[in-house]
Amino acid sequence: MVVDASSNGETKSSEVPITATYIPRDVEYLREAMALEWVADKEDEETTADLLDAPPVFLIDYPDLFERGWGWERLFPYHSSSVEWPQFKKYLEEYSSHNAGQVATLCSQLRSVQGQGIPPAGCGVLHDAANLCIKIENKLLRSCHSALTVEEIILSSKIKECASHMIQSEGESSAAAEGLVGIAKEARKLSYLLSEDDPDMCLKYDMCEYIRAYAAKVLTKLEKEFSCNTAGHAAENGITASDKSEKPIGNERDLKDSNVKWNSNMKKLKKARKKRLKRAEKRLKREEKRKSEDQTEG
């Protein structure tokens, strides 16, 4: 459930670090309750983290809950209706600081395994990240083509196109570099999930695609901030038309089976979400009561 808060020109205090848009008190209360409930469910030992539905889009507004529930390993999905772009860029910069060096590490690992197709070190962090992203997207398409839907293949092509534009940029951007690597990490996880016999694979797979789809929107916005010279980028970086469709997409039966699984999983997630919302306010009240008692004792 997503609650849209309309802006009336007023601003709230620094208690809400990400968005400056005024949020009515009752809406703010419900948002915090939902965020707390999502985090509590994830911390539950009986709950598999990857099987939870997507995090509340406003979780990023609560640093402590964000740290507990999401952390800095995976990119947080960007929703323009909930978080303002300048503030999300600050999150990306902080994400970069928490993952310092991962671009060089992943590029080095890929060079040692494949050798070809990854430029030598020293080409720039952003360029390294973009080339890494393209390479892993191509690998995903080659190895998992029969399991990918039309939409997933289109998304992969858009990601590669955006990455190729980044290669032509003249500057450096830690936010863009980490965004590219974040997408590449999700692509690697997709390949792993499709190669394993995991009964919960569909739910984990959906989460990967969810993150990738919203991260791709972030890349598009970052791309517009660069002055990119796209002339000749395909020839210079070895990106050919065949890269965009190296394998045929899955057949009709593959797509139908995938849709049936997805619909079944969505029903389970909606049912779980309703239960979570009913428990949310009760949990928040208990949390507030505990804090009040601690303050009284102190």
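The values are calculated or read from the model by the stated rules, or taken from the named source; none is laboratory data. For clarity, every value in this text was computed on a predicted model and none was experimentally measured. Backbone-built Cβ (ideal geometry, glycine too); neighbour counts: all protein chains shown.
Things to note:
- Any hit, region 123-131, residues being at pLDDT below 90 and touching a His at 6+ places or on another chain (Cβ under 6 Å): no
- Residue match in region 217-237 (condition: farther than 30 Å from Ser97 by Cα, polar (S, T, N, Q), at pLDDT below 50 and not in a helix (DSSP H, G or I)): no
- Matching entry among Ser156, Ser112 (being closer than 21 Å to Ser191 by Cβ, surrounded by fewer than 14 Cβ atoms within 10 Å (Cβ to Cβ) and either modelled with pLDDT under 85 or not assigned by TED's automatic domain parsing to the domain that holds Leu59 (or both)): Ser112
- Complete set of residues in region 164-207 that are free of Cβ contacts under 8 Å to residues at least 24 places away in the same chain and either within 17 Å of Trp72 (Cβ to Cβ) or part of a loop (DSSP other than H, G, I, E, B) (or both): Lys189, Glu196, Asp197, Asp198, Pro199
- Flag if Glu161 is in contact with an Asp or Glu (Cβ under 9 Å, 6 or more places away or on another chain) and among the acidic types (Asp, Glu): no
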